[in-house]
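Presented below is the structure to which this report refers.
The values are calculated or read from the model by the stated rules, or taken from the named source; none is laboratory data. What you see is a predicted model; the values in this text were computed from it and never measured. Glycine also receives a Cβ, built like all others from the backbone with ideal geometry; neighbour counts cover every protein chain displayed. Surface areas here come from the heavy atoms of the whole protein model, side chains and all, with no ligands, DNA or RNA. Shrake-Rupley method; radii C 1.70, N 1.55, O 1.52, S 1.80 Å.
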Amino acid sequence: MALRSTSSESKAGKRRRSAQYRRARIRHFLFTTGPNRLSRGWLVRKHHDNPVIARELEITMPRWPAAFDGLRIAHISDLHFGELMPLDRALGIVELIAAAQPDMVCNTGDLVDLDCCGVAPLAQAIGHIKAPCGNFFVPGNHDELDAPDQVNRLVNESGTTVLEDEICVIRRGEHELRVGGIGWARTPAHCQSRIDRTLGKSESVDLLLSHNPKAFDHAAERDVSLVLSGHTHGGQIARRNRPSANLAIAHRRSAGLYEMGASRLFVTTGAGAWFPVRVNCPAEVAFLTIRRAGLHSH
Ligand SMILES: [Fe+2]
């Protein structure tokens, strides 16, 4: 498929993106399409036999706004719509989330795997999940491969708020919950500059969405209470009962909950995959209940 260009992109940026797209297609052939053909379709069929699990987790932190104590967030990430995540499987996951009636939906990116063609019904289904405190999306690296503007537009038109270096304030009476989101950033330094651009000089947010968990160090420095990330897929292959011992070796924080001072990071292992194997690392949707620690003593 031809790459559609984005209006604000430089020529060098366009060349870089088309090289990344080509590499991603080759990787997809080597790790998914090729092996699946050799196995006569067995590999992808077997991959789809594994259900997506609903993971419940309570996260406690001292600085969370008291008015939002007990907030239930459905955290979804890395659907990778495409060959390994056909529409019916993706819509089943959306139904699972809608049935849980979360207060907020946070989608931390990689909605599409390669091409965004055909993703509109999925974006619409996600956008239609009723969540009184908001339905948010930040783009991942895969969302930028084909047509990043189009992915963001489809998501936005579906009723989900795209936070690309932006902040949204949720109000309950006179109380506020500040939610921020940053665009795709590959390195800690790039994450830092996006966070600083989003927060300005002296502000912070209660909740920050970043596809890349490498945003956590600087987010904690900037007093963000909770960061939600994806991207790692938990390595897709992990040691039994040791989710952090996995193939995502480029990441210090690749699966589950992490703490630094008063800040917390949750990295979901994601709902989809970029190759059709998961071992000791099931695909998941995370349902997070956020608690303010020591609330009773204040
Ligand atoms: Fe991903």
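Using only the Cα atoms, work out Rg/Rh for segment 32-92, with Rh taken as the Kirkwood radius, to two decimals.
Over the Cα atoms of segment 32-92, Rg/Rh equals 1.21.
Enumerate the residues in segment 153-197 having an amide nitrogen under 20 Å from the point lying 7 Å beyond the Cα of Leu87 toward its Cβ.
Within reach of a label on Leu87: 153-160.
Using θ = phi - 60° and the Karplus curve 6.51 cos²θ - 1.76 cosθ + 1.60, what whole-Hz ³J(HN,Hα) does each residue of segment 23-28 get, with Gly and Pro shown as x?
Couplings: 4, 5, 5, 5, 4, 4 Hz.
What is the distance, in nm, between label points placed 7 Å from the Cα along the Cα-to-Cβ direction at Ala293 and at Arg252?
2.0
Counting only DSSP beta bridges with both residues in the chain, tell me the antiparallel percent, nearest 5.
Around 40 percent antiparallel, to the nearest 5.
What number comes out for the charge environment of Glu9, summing +1 per Lys or Arg and -1 per Asp or Glu over other residues with Cβ under 9 Å away?
+2
Step through the residues of segment 30-38 one at a time and calculate ³J(HN,Hα) from phi using the Karplus curve (6.51 cos²θ - 1.76 cosθ + 1.60, θ = phi - 60°), rounding each to whole Hz and writing x for Gly and Pro.
Once θ is set to phi - 60°, the couplings for segment 30-38 become 5, 9, 10, 4, x, x, 5, 5, 4 Hz.
Starting from 0.36 nm per residue, how many nanometres of slack lie between Asp69 and Leu57 once their C-alpha separation is accounted for?
2.9 nm
Can you tell which of Asp49, Asp165, Asp78 shows the greatest fluctuation in a Gaussian network model of the chain with Cα springs below 10 Å?
Asp49
Using a 1.4 Å probe over the heavy atoms of the protein chains, calculate the carbon and sulfur portion of the accessible area of segment 43-136 as a whole percent.
Answer for segment 43-136: carbon and sulfur cover 55 percent of the accessible area.
Contact order normalised by length for the chain, with contacts defined as Cα pairs under 8 Å and 6 or more residues apart; what percent is it?
Worked out over the chain, it gives 25 percent.
Peptides 148-157, 249-258: what's the order by average Cβ count within 10 Å, highest mean first?
148-157, 249-258
Give me the accessible area per residue for the chain, probe 1.4 Å, as a whole number in Å².
Spelled out: the 1.4 Å probe surface of the chain, per residue, equals 46 Å².
Heavy atoms of the protein only, probe of 1.4 Å, neighbouring chains included. What is the accessible area of Leu247 in Å², nearest 10?
100
Assuming R0 = 30 Å, can you tell me the calculated FRET efficiency for the pair Glu166 and Arg23, based on Cβ-Cβ distance, to the nearest 0.05?
According to the calculation, E is roughly 0.55.
In the neighborhood of Arg55, defined by Cβ-to-Cβ distances under 15 Å, what is the net charge if each Lys or Arg adds +1 and each Asp or Glu adds -1?
Net charge in that neighbourhood comes out at -2.
Starting from the exponent 0.38 and prefactor 2.2 Å, build the expected Rg for the chain from its residue count and divide its actual Cα Rg by it.
Compared with the compact-globule rule of thumb, the chain sits at 0.96.
Order of 19-29, 120-130, 268-278 by packing, highest average Cβ count within 10 Å first?
In decreasing order of mean packing, 19-29, 120-130, 268-278 become 268-278, 120-130, 19-29.
Report the net charge of residues surrounding Asp196, where surrounding means a beta-carbon distance below 11 angstrom and charges are Lys +1, Arg +1, Asp -1, Glu -1.
Its environment carries a net charge of +1.
Could you go through segment 229-242 in sequence order and give the Karplus-derived ³J(HN,Hα) for each residue, using 6.51 cos²θ - 1.76 cosθ + 1.60 with θ = phi - 60°, rounded to whole Hz, and x for Gly and Pro?
9, x, 6, 7, 6, x, x, 6, 10, 10, 5, 4, 6, 9
Accessible area of segment 155-298 with a 1.4 Å probe: how many percent of it is carbon plus sulfur?
So the carbon and sulfur contribution to the accessible surface is 48 percent.
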